[in-house]
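Here is the structure we will look at, set down as structure tokens.
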Amino acid sequence: MIKDNLYKNIIAENASVANMLKIISGYGSAKFTERVLKEFPDLKIELFLGMTMDGVSIINHRHFLSLIESYPNRLNVYYQVENPNTHIKLYSWYYKTYNLINFAGSANFTENGFISNRELLVPCNGDIEQLFLKQFEISMDCQNSKINEYIKFYNDEIIVEETDETQINTQKTINSEENKSIITASNYRDKYFLNYYLRKKNEVINEFKVPVLLKTETSPDTTGINAWNRKKQLPYLKQSPNYPFSKFFPLDKTVTFFTDDGRKIEGVVRGSKDRQLEFEHNIYEYISNRIGLYEKRPINFKDLLDYGRSYITLSKITDHEYLLDFSKPAAKYFV
């Protein structure tokens, strides 16, 4: 039974001899995961989170995606997408294919679980692999393009765990008629989401809608989002009469869009074509994947009707950073 110094006695002790850690945990911190990856460069981690049906912080989600991109051969993260929730905390250490030791107990894979809180982990045996196989069956890779159809990503309360005593914490209390939230923020990679949240609560933010297809367009199959269908032009979003792009975007300067499904894409409104929002990423492919259109043909209004949304909501964070929300109406990603 191990109840003291869990990080030292569980993580550090076994990471020195193992090359793989498989985890089932109710909750998990991307910040804590990053710490383990950095401190033990020979360790691979396979993390299954079991309480994700209750929702996932979009900051934590984006941080996981960033870590997977930074450590492509060392980290896999899965979210449970079927009820009931899984509150198991199981840690299995491997050297190659040989199972060295397993621990089960109360500690989530977070800094609170292994450092701050009073927790307990106990060595255990049994058919551990069956637990992981079952968890794999009811989970989805967090990078999956359809993950937002199963998981609600929220931003109504952000709690960022501190792992470095030298970092400075700032606390901001936000009051509203509907709720009161305390946000603890550090020098976090995804600080723009925190900025968005703070500014939106104070109602200091520009937000507008861009239709995927204009109803007044005379050639919807060959212009705008479907421009690729004519002379191999790049697809783009076309401004509506109510929201001129020149009012919301700096001309001829690249801006960054952070999407509700965890992507980062670049775009620009050129002075010579100030009615078009062009993207470095193929925006047609992005939209067609979101709506489940897997054949290469022009997007039409019926496709958008079937998806349940015909417009994109853009929210300004800074002069060069925006949120791009194309989530289904049933899923509320931003408050």
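I'd like to check which strands (runs of 3 or more DSSP E) are fully inside the range 29-98 and have at least 3 residues that are among the aromatic types (Phe, Trp, Tyr). Please lay out each step first, then the result.
On the way: elements: 44-49, 75-80, 90-95.
Because the criterion is at least 3 residues that are among the aromatic types (Phe, Trp, Tyr), the strands (runs of 3 or more DSSP E) in the range 29-98 that meet it are 90-95.
Matching residues to (1) β-branched (Val, Ile, Thr); (2) buried (at least 19 other Cβ atoms within 10 Å of the Cβ); (3) under 18 Å from the mean Cα position of the chain (by Cα); (4) modelled with pLDDT of 90 or more:
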| residue | (1), (2), (3), (4) |
| --- | --- |
| Asp261 | no, yes, yes, no |
| Glu266 | no, no, yes, yes |
| Lys273 | no, no, no, no |
| Glu280 | no, no, no, no |
| Ser288 | no, yes, no, yes |
| Pro298 | no, yes, no, yes |
| Tyr311 | no, no, no, yes |
| Ala331 | no, no, yes, no |
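Going by the structure shown, is Asn112 within 16 Å of Ser57 (Cβ to Cβ) and out of contact with any Cys (no Cβ under 7 Å at 6 or more places or on another chain)?
The answer is yes for Asn112.
Condition check ((1) among the aliphatic types (A, V, I, L, M); (2) surrounded by fewer than 21 Cβ atoms within 10 Å (Cβ to Cβ); (3) under 12 Å from the mean Cα position of the chain (by Cα)) across all residues:
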| site | (1), (2), (3) |
| --- | --- |
| Ser66 | no, yes, yes |
| Tyr71 | no, yes, no |
| Leu75 | yes, no, no |
| Glu82 | no, yes, no |
| Thr86 | no, no, no |
| Lys89 | no, no, no |
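Assuming Asn125 fulfils every condition listed in (1) in contact (Cβ under 8 Å) with a residue 24 or more places away in the chain; (2) of a type outside the set (Lys, Arg); (3) in contact with a strand residue (DSSP E or B) (Cβ under 8 Å, 6 or more places away or on another chain) apart from one, which condition is it?
Here Asn125 meets the rest and fails (1).
Just need a number here: residues in the range 300-309 that are loosely packed, with under 12 Cβ neighbours inside 10 Å and aliphatic (A, V, I, L, M).
Within the range 300-309, residues that are loosely packed, with under 12 Cβ neighbours inside 10 Å and aliphatic (A, V, I, L, M) number 1.
Can you give me the ranges of the strands (runs of 3 or more DSSP E) entirely in the range 204-276 with at least 2 residues that are touching a residue at least 60 places away in the same chain (Cβ under 8 Å)?
207-211, 255-259
The values are calculated or read from the model by the stated rules, or taken from the named source; none is laboratory data. Just so it is clear, the model here is predicted, and its values are computed rather than measured. Positions of Cβ are backbone-derived with ideal geometry, glycine not excepted, and every protein chain shown enters the neighbour counts.
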